[in-house]
Amino acid sequence: ENFKNNFKPILVLATIGVFLCVVFTGYALHLLLNVPLILALLFGAMITPTDPVSVLATFKKLGVPKRLSTIVEGESILNDGTGIVIFSILLEMLRIGKFDLLAAIANFFVVCIGGVIIGLLLGYAAYQILKYIDDHLIEVTITLILAFSAFIIAENFHVSGVIAVVTAGLIIGNYGREFSMSPSTRISLINFWGFVVFIVNSLVFILIGIDIHVDKILNYWNAILIAIPIVLLSRALSIYPLLNLASFIDKKIPALWQHIIFWGGLHGTIPVALALSLNLEQKDLITSMVFGVVLFS
């Protein structure tokens, strides 16, 4: 319900906001560090997704208004998918050695919409199955199967597996949890997925420790010191103008909330996971900048 009520500002931040961040970060790095444009845009797509886990935990302790918490969390959920789709498209263009902006935009919409459709279909199917089951172990298992199957099926159709999983998760998390689960199942579901998130985050940051070589980061200290303010500035340019514009089509978002949303856009698991997956000639430069920004964040 909260997500639906605040969908407009969340969607603006997770789509137009991500595009602005990627383009500004990419062109700024291209000009200041003389990094090839497509590589600089790739870095922008990697670093843009936010990971406000610690921010949300602080919100709960402080009793922050639910609307503010929903906007921060909702933006994080959706911009992961948007950022990863842009990253995948740019990586493919880098692989074939051809940059085509119109093709990239068209591909972006096809991949995103395709992911949403598959997520909706599988999420709705799982929701219908859950209505006839009253066993918390089986129901939690169905959500696990749904997460993996949504990703695998979407990727096989060459659309976004991440967006398919997010969409299916929204169906189960809203309608499924509300209309087809008992209170004990809801508690089991929250505890199980909370534990999974904790384990995944822990593993990713252990991989950072294994993969980071301090000498590499020190070699690129100047690039990292340039990347940090560029990422912060791109975040500011995507937050303040867009949230003020969104206030015309939705309830006004106070200036103080905008500051919190800006600083709450921490960078964590997704940028690191994407950096670890790279296999490029200039991998050391890009990954060092990603790690540097994440550590600063």
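The values are calculated or read from the model by the stated rules, or taken from the named source; none is laboratory data. The structure displayed is predicted, hence computed values, not measured ones. For neighbour counting, all protein chains shown are included, and Cβ atoms are generated from backbone atoms with ideal geometry for every residue, glycine included. Keep in mind that these areas ignore ligands, DNA and RNA; they rest on the heavy atoms of the full protein, side chains included. Shrake-Rupley method; radii C 1.70, N 1.55, O 1.52, S 1.80 Å.
So Ser69 ticks every box in (1) among the small types (Gly, Ala, Ser); (2) farther than 25 Å from Thr167 by Cα; (3) in contact with a helix residue (DSSP H, G or I) (Cβ under 6 Å, 6 or more places away or on another chain) but one. Which box is left unticked?
Unmet condition: (2).
Which residues, counting only those in segment 48-61, are part of a loop (DSSP other than H, G, I, E, B) and not polar (S, T, N, Q)?
Restricting attention to segment 48-61, the residues satisfying the condition of being part of a loop (DSSP other than H, G, I, E, B) are 48-52.
Of everything in segment 48-61, those that are part of a loop (DSSP other than H, G, I, E, B) and not polar (S, T, N, Q) turn out to be Pro49, Asp51, Pro52.
Starting from residues that are outside any helix (DSSP H, G or I) and in contact with a helix residue (DSSP H, G or I) (Cβ under 9 Å, 6 or more places away or on another chain), keep the ones in segment 123-137 and report whichever is most open to solvent (accessible area, probe 1.4 Å). Give the steps one after another, and end with the answer.
In the first step, residues of segment 123-137 are kept if they are outside any helix (DSSP H, G or I); the result is 131-135.
Now narrow it down to the ones that are in contact with a helix residue (DSSP H, G or I) (Cβ under 9 Å, 6 or more places away or on another chain): 131, 133-135.
Values: Lys131: 95, Ile133: 45, Asp134: 128, Asp135: 60 Å².
Applying the filter and picking the extreme gives Asp134.
Look at segment 247-287 and say how many of its residues are within 28 Å of Ala40 (Cβ to Cβ) and hydrophobic (A, V, I, L, M, F, W, C).
Final tally of qualifying residues: 14.
Restricting attention to segment 62-118, which residues are in a helix (DSSP H, G or I) and basic (Lys, Arg)? Before you say what the answer is, go through the steps one by one.
Here is the first cut: in segment 62-118, the residues in a helix (DSSP H, G or I) are 62, 66-96, 101-118.
Correct list: Lys66, Arg67, Arg95.
Just a yes or no: is a residue in segment 114-122 open to solvent by less than 10 Å² (accessible area, probe 1.4 Å), of a type outside the set (S, T, N, Q) and free of Cβ contacts under 8 Å to residues at least 60 places away in the same chain?
Checked against the condition, which is being open to solvent by less than 10 Å² (accessible area, probe 1.4 Å), of a type outside the set (S, T, N, Q) and free of Cβ contacts under 8 Å to residues at least 60 places away in the same chain, segment 114-122 yields at least one hit.
Kindly evaluate Thr82 against the criterion of being out of contact with any Cys (no Cβ under 9 Å at 6 or more places or on another chain), among the β-branched types (Val, Ile, Thr) and open to solvent by less than 20 Å² (accessible area, probe 1.4 Å).
It is false that Thr82 is out of contact with any Cys (no Cβ under 9 Å at 6 or more places or on another chain), among the β-branched types (Val, Ile, Thr) and open to solvent by less than 20 Å² (accessible area, probe 1.4 Å).
With the requirement that a residue be in contact (Cβ under 8 Å) with a residue 24 or more places away in the chain, crowded, with 20+ Cβ neighbours inside 10 Å and of a type in the set (A, V, I, L, M, F, W, C), what does segment 40-58 give you?
If we filter segment 40-58 for residues that are in contact (Cβ under 8 Å) with a residue 24 or more places away in the chain, which is where we start, we get 41-55.
Within this subset, residues satisfying the condition of being crowded, with 20+ Cβ neighbours inside 10 Å are 41-52, 55.
Scanning segment 40-58 gives Leu41, Leu42, Phe43, Ala45, Met46, Ile47, Val55.
Checking the condition closer than 30 Å to Ile172 by Cβ, surrounded by fewer than 20 Cβ atoms within 10 Å (Cβ to Cβ), of a type outside the set (D, E, K, R) and at pLDDT below 90, which residue from Phe19, Phe109 passes?
So the residue among Phe19, Phe109 that is closer than 30 Å to Ile172 by Cβ, surrounded by fewer than 20 Cβ atoms within 10 Å (Cβ to Cβ), of a type outside the set (D, E, K, R) and at pLDDT below 90 is Phe109.
So which of Ile89, Ile71 is over 21 Å from Pro241 (Cα atoms) and either open to solvent by less than 30 Å² (accessible area, probe 1.4 Å) or in contact with a strand residue (DSSP E or B) (Cβ under 8 Å, 6 or more places away or on another chain) (or both)?
On inspection, the qualifying residue turns out to be Ile89.
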